[in-house]
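What follows is one structure encoded as structure tokens, with my remarks underneath.
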Amino acid sequence: GLLYQEYRDKSTREEIETRRLQDSQTDPEETSPSEETPSEAEPTSTIENKAPPQINLLRNSNSRFNLWQDLPEVQSSGVLSILQPDEIKLQEAMFELVTSEASYYKSLNLLVSHFMENEQLKKILHQSEAHILFSNVLDVMAVSERFLLDLEQRVEENIVISDVCDIVYQHTVNHFSVYITYVSNQTYQERAYKQLLQDKPAFREVISQLERDPKCKGLSFSSFLILPFQRITRLKLLVQNILKKVEEKSDRESTALDAHKELETVVKACNEGVRKMSRTEQMISIQKKLEFKIKSVPIISHSRWLLKQGELQQMNGPKTSRTLRTKKLFREIYLFLFNDLLVICRQIPGDKYQVFDSAPRGLLRVEELEDQGQSLANVFILRLLENADDREASYMLKASSQSEMKRWMISLAPNRRTKFVSFTSRLVDCPQIQCVHPYVAQQPDELSLELADVLNILDKTDDGWIFGERLHDQERGWFPSSMGEEILNPKIRAQNLKECFRVHKSDDSQRRKLGSRNRQ
């Protein structure tokens, strides 16, 4: 009977503890599912004759059966003694997808019935405000209900679940576009909610009163609003979990790969929808602040976005002046780095920036200076192979810390080799970390983390920052090292990589096909 927020937190905490336990084992192969030797499968007729479970998750959201093997029908059927441990783990992975959808539907239902349809709230909110706040949540709930009914029907067909990824695939292709609409509204939604709390005391009071209701179990209204985005992301991870457990080269693997690919498309579209509006507003704001001392460059473009901005110290004069005092060595400059362009400025009065140089991002090179003494600590060379004057230019730049220097160097020259090699190199081993505290990115070059995320460590700094690549989606970014725990067992790291390669092998095959076409 958990609300989805509670289920999600419980599930990820269990995942973290399981990985901790595996990491502490001297020989994880003893418990690794991939190492167990399968025996001959029992004839399916033995299983099919057993009575199917009547779980009715949609109608009975208080069901206490969180595990497939805890269902009374499963316990009494004898199948647990027939099925191999690998198959039982697969059954649990598929059953978790079903029960978590029931928990999610319950939370959505509460968002609608308890908050959206509250009569006091309806009187306070203008129709347009309510629309921004709740968006198309009714469509999302209807899609979840239809999805859950189909999943429930599948579970009731046979005590041993045949598959769920085929249902996931069909619903993702035909119905899950409602998630893109909802999530794309997230920036407007967050802004409207903050504005309403600030401008309407009556709204603030009613929301606070509704949140205190025992039904909400101490959860905030905003935790209900973000449910659809959390669910579509989590659903992809649940399919990944199934994919790791199905037989290789089987029909179930093929179906899981198809479902995962479609879910990944929806998740990417959701992410793009959120970014698009905030990026456009940000670009307009930056354009207004820039004054060009050189030939003007049009900043606003539908394909351009900000990667990093900030102040650095530029070394003045020729390299022979290094012996001068630090105060005379450096002056402040300000960089705006976009995905395709670097703009170098000096800050001027009125919160404005005067642009004195620029270069395409692809024509930037960086080089770190080492062992140059305290005054030149955290200094690097930035080379513009072709600047605004169509010539090569070099800047000696000093950052405020080692992490800030490395962050700038990686952002300016993303193809530069990092300390450790990335996931895409197919290395047998690489340092890894699992997230034990969620983190929300504060800067464009940072990576938001969810509990139980596993990442390859590509680089790290002495002052507590890690540059990582998340295994499940290959997203990269910086985050504080205190957010995670390093995975020390090399066999567990290898297992994580192996599972990741398997999940993304359909992507690899697509890349190979594309590469082949490009070569032709």
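The values are calculated or read from the model by the stated rules, or taken from the named source; none is laboratory data. Keep in mind that this is a model prediction, so the values were computed, not measured. In this analysis, Cβ positions are derived from the backbone assuming ideal geometry, glycine residues included, and neighbour counts consider all displayed protein chains. Protein only, heavy atoms only, side chains kept; ligands, DNA and RNA dropped before computing areas. Shrake-Rupley method; radii C 1.70, N 1.55, O 1.52, S 1.80 Å.
Look at (1) open to solvent by less than 30 Å² (accessible area, probe 1.4 Å); (2) of a type in the set (S, T, N, Q); (3) farther than 20 Å from VAL267 by Cα and you find that ASN109 fails only one, number (1). Every condition in (1) in a helix (DSSP H, G or I); (2) at pLDDT 50 or above; (3) of a type in the set (Val, Ile, Thr) is met by THR26 except one, and the failing one is (1).
Every listed requirement among (1) at pLDDT below 50; (2) part of a helix (DSSP H, G or I); (3) under 20 Å from PHE147 (Cα atoms) is met by SER61 save one, (2).
A single member of LYS194, LYS215, LYS236 is open to solvent by 70 Å² or more (accessible area, probe 1.4 Å) and within 28 Å of the chain's Cα centre (by Cα), and it is LYS194.
In the set ASP199, ASP166, only one residue is open to solvent by 40 Å² or more (accessible area, probe 1.4 Å) and touching a residue at least 40 places away in the same chain (Cβ under 8 Å); that residue is ASP166. Here LEU133 passes the criteria (1) in contact (Cβ under 8 Å) with a residue 24 or more places away in the chain; (2) more than 28 Å from MET277 (Cβ to Cβ) except the one numbered (2).
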